[in-house]
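Asks: Before we start, here is the structure in question, set down as structure tokens.
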Amino acid sequence: MTKKTRSTKVGRVVSDGMEKSVVVAVDRLFRHPFYGKTIRRTRKFMAHDEENACQVGDKVKLEETRPLSKRKHWVVAEILEKAKG
């Protein structure tokens with residue numbers, strides 16, 4: 001029996017005003033089933049940032065984890081790209 005790998009998501013930090021928490025917006029693209037047009041949907045996830053290293057605009061990789069609070073079920077695995085400025 002193999003262990004299930006934790007799911008990951010990549011998104012941009014949109015809020016870092018809290019202690020050890022960030023809000024990350026994750027975009028997904030899909031084709032409309034009838035019209036065929038590509039549609040973008042955005043969903044926000046609250047994530048744990050232990051070192052307070054993330055800033056608004058950073059591109060980060062999230063990893064699923066146990067529930068840390070009512071809304072936090074993700075942790076920042078790594079910062080892929082720092083924001084300019």
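Asks: For the chain, report the accessible area per residue in Å² (1.4 Å probe, heavy atoms, rounded to an integer).
Replies: 78
Asks: For the chain, which whole-number percentage of the solvent-accessible area (1.4 Å probe, protein heavy atoms only) is attributable to carbon and sulfur atoms? Spell out each step's value before the answer.
Replies: Details: 3280 of 6650 Å².
That fraction is 49 percent.
Asks: Something else: With r as the distance between the Cβ atoms of Tyr35 and Val56 and R0 = 35 Å, compute the FRET efficiency 1/(1 + (r/R0)^6) and round to 0.05.
Replies: The pair Val56/Tyr35 has a calculated efficiency of 0.55.
Asks: Where does each of Met46, Met18 land when they are ordered by accessible area, with a 1.4 Å probe and the largest first?
Replies: Reading off the accessible areas and sorting them downward yields Met18, Met46.
Asks: Also: Express in nm, to one decimal, how much length is gained between Glu19 and Glu81 on full extension, taking 0.36 nm for each residue of separation and deducting their alpha carbon distance.
Replies: Difference between extended and current length: 20.2 nm.
The values are calculated or read from the model by the stated rules, or taken from the named source; none is laboratory data. This one's a predicted model, so the numbers in the text were calculated from it and none came from an experiment. Using ideal geometry, Cβ is built from the backbone for each residue, glycine included, and neighbour counts are taken over all protein chains shown. For the accessible areas, the whole protein counts, side chains as well, though only heavy atoms, and no ligand, DNA or RNA atoms are used. Shrake-Rupley method; radii C 1.70, N 1.55, O 1.52, S 1.80 Å.
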